[in-house]
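J.: Got a structure for you, written out below as structure tokens; questions coming shortly.
The values are calculated or read from the model by the stated rules, or taken from the named source; none is laboratory data. These numbers come from a predicted model, not from an experiment. Using ideal geometry, Cβ is built from the backbone for each residue, glycine included, and neighbour counts are taken over all protein chains shown. Side chains included, ligands, DNA and RNA excluded: accessible areas come from the protein's heavy atoms. Shrake-Rupley method; radii C 1.70, N 1.55, O 1.52, S 1.80 Å.
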Amino acid sequence: MKILAIESSCDETAVAVLEGSGDKLKVISNVVASQIAIHKKYGGVVPEVAAREHVLNIIPVVNEALLKAGLNAKTAPKKISAIAVTAGPGLITSLIVGVESAKALAYAWKLPLVAVNHIAGHIYANFISSPISKSQFPISKKIPNTKSQNNQIKFPAIILTVSGGHNLLVLMTGHLKYKIIGDTRDDAAGEAFDKAAKLLGLGYPGGPAVALAASRVRGQAVEAAKVSSSKFQVSSDGVASRRIILPRPMINSKDLDFSFSGLKTALFYQLQKDKHWSKNRSSYAHEFQQAVVDTLVAKTIKAGKKYHAPTIILAGGVSANLVLRQSLKEAIKNQLPHAKFYLPELVYTTDNAAMIGAAGYFKFRAGRTITPAKLKVDPNWDLK
Ligand code: KG4
Ligand code: ZN
């Protein structure tokens, strides 16, 4: 069965078509119109600008996703079984564009409608078993992991899902059954990355910018540690500098909660004290990233040990971070050897509609559809 999915909760207008059969889910088309270039000059997402862009983009993006799936407005009503749409959490005016478009299509094509929670979407990015058909990569032919076995995920699963808007540890006892076991007390890790990038003058979006700056230090820091005392490391410009140390907030707390706003403040004060900080930008980025990763990994391992879950899953925009991906993988291998680790394909880490289609497919199969007239956006929709 085919699902058409729409996502517009923040600054990406995204539409995808998926084919589902049993527990297997294949992405047939996945189109994302990013607004990064537009919001870059403001240093962050401007909600009203985002909503206007969604209005301009939504119909062309729907058409492109249909076309790439070998469909059009005439064939779609017969070939598609349901429409899934993100109804929250997110920016209210952005969500409205996707939800009203999905409602209009459901009316016009007489198709059932499924409301999807954005965070559930991030989690379900891990349930996509075959990322995308080869026809969509005609030039590079570089297709990531087309043979993953994600349809065999065993419950209960511990999910670390981290993005700009949320930072959760979730215990999933079955499909669509979520229990929040850890949350952030203030900022989400993605938000912290974005704020750190601003402090470091690294631009927007912050996560990838901090990761890139940090990567300039990695190899060199190892060399530096060999030749100098551990109090020193080498920055991107080859300058040996005092080793920068930032806190790992709440890393040893008994609960499974997080706090990242103090980490950003600690960075702020260290930069204020260091006249030459801009020479050591990469070292600051490196330590900031490491502090976030160490904390996320420690709490996920703690949750894995507490619940003896056979499965650990990473999700959300921050799951694009390569150091987090690698560190969590190694920590699970060493400390939770019986658990199986899943993480989304890079293309499904940041906002996209394929993940919404994946969650929508399982919700549709469970019979959880909604009458279009009853569907309203919920900008603060908690994962339940
Ligand atoms: O899921 P997403 O696209 O949007 C929200 O639901 O918030 O996640 C975006 C967040 C941003 O805060 C961005 O800085 C962060 O994910 N992010 C990263 C990386 N790529 C995106 N953070 C760290 N490292 C990355 N490579
Ligand atoms: Zn997201």
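J.: For region 240-384, just the Cα set please: Rg and Dmax, both in angstrom.
T.: Rg, Dmax (Cα atoms, Å): 19.4, 63.
J.: Still on this structure, I have one more. Keeping all protein chains in the complex and leaving out DNA, RNA and ligands, what accessible area do you get for Asp23 with a 1.4 Å probe, in Å² to the nearest 10?
T.: Looks like 60 Å² after rounding.
J.: Relative to the first principal axis of the alpha-carbon coordinates of the chain, what is the inclination of helix 47-68, with its axis defined by its Cα atoms, in degrees from 0 to 90 and to the nearest 10?
T.: 60 degrees
J.: For the chain, what Kirkwood radius comes out of the mean inverse Cα-Cα distance, in Å? Mind dumping the intermediate values first?
T.: Values: mean 1/r = 0.0465 Å⁻¹.
Computed over Cα pairs of the chain, the Kirkwood hydrodynamic radius comes out at 21.5 Å.
J.: Angle between the Cα long axis of helix 206-227 and the longest principal axis of the chain, 0 to 90 degrees, nearest 10?
T.: Its long axis makes an angle of about 30 degrees.
J.: What are the residues whose amide H is under 5 Å from the amide H of Asp257, where those residues sit 5 or more places off or on another chain and H is modelled from the backbone?
T.: Asp183
J.: Using only Cα atoms and rounding to the nearest 10 degrees, what angle (0 to 90) does helix 189-199 make with the longest principal axis of the chain?
T.: It is inclined by approximately 50 degrees.
J.: Using a Cα-Cα cut-off of under 19 Å, which aspartates and glutamates could be cross-linked to Lys2, ignoring same-chain neighbours fewer than 8 residues away?
T.: Glu19, Asp23, Glu64
J.: In addition: Could you work out [θ]222 nm for the chain from helices alone, using -39500 (n - 2.57) per DSSP H run of at least four and dividing by all its residues? Round to the nearest 500 deg cm²/dmol.
T.: Values: 11 runs with 155 residues, N = 384.
So the calculated ellipticity at 222 nm is -13000 deg cm²/dmol.
J.: Sticking with this one: Using alpha-carbon pairs under 8 Å, 6+ residues apart, how would you state the relative contact order of the chain in percent?
T.: After rounding, I find 24 percent.
J.: Working with all protein chains in place, sort Ser283, Ser253 by solvent-accessible area computed with a 1.4 Å probe, largest first.
T.: Per-residue accessible area, sorted high to low, gives Ser253, Ser283.
J.: Can you tell me which aspartates and glutamates have their Cα less than 13 Å from the Cα of Lys376? Leave out same-chain residues fewer than eight positions away.
T.: By straight Cα distance, Lys376 reaches Glu100.
J.: Follow-up question, since we're still on this one. Suppose every K and R has +1 on its Cβ and every D and E has -1 on its Cβ; what is the size of the dipole of the chain about the Cα centre, in Debye to the nearest 20?
T.: Roughly 880 debye, rounded to the nearest 20.
J.: Net charge around Ala125, counting only other residues with Cβ within less than 13 Å of its Cβ (Lys, Arg = +1; Asp, Glu = -1)?
T.: Spelling it out: positives minus negatives among the neighbours equals -3.
J.: Going by average Cβ neighbours within 10 Å, how do the peptides 34-42, 103-111 rank, with the highest at the top?
T.: 103-111, 34-42
J.: Per residue of region 89-103, in order, report the coupling 6.51 cos²θ - 1.76 cosθ + 1.60 (Karplus, θ = phi - 60°) as ³J(HN,Hα) in whole Hz, putting x for Gly and Pro.
T.: x, x, 7, 4, 6, 6, 4, 4, 4, x, 5, 5, 5, 5, 5
J.: Quick one: how many Å² of Glu330 are accessible to a 1.4 Å probe, rounded to 10?
T.: 100 Å²
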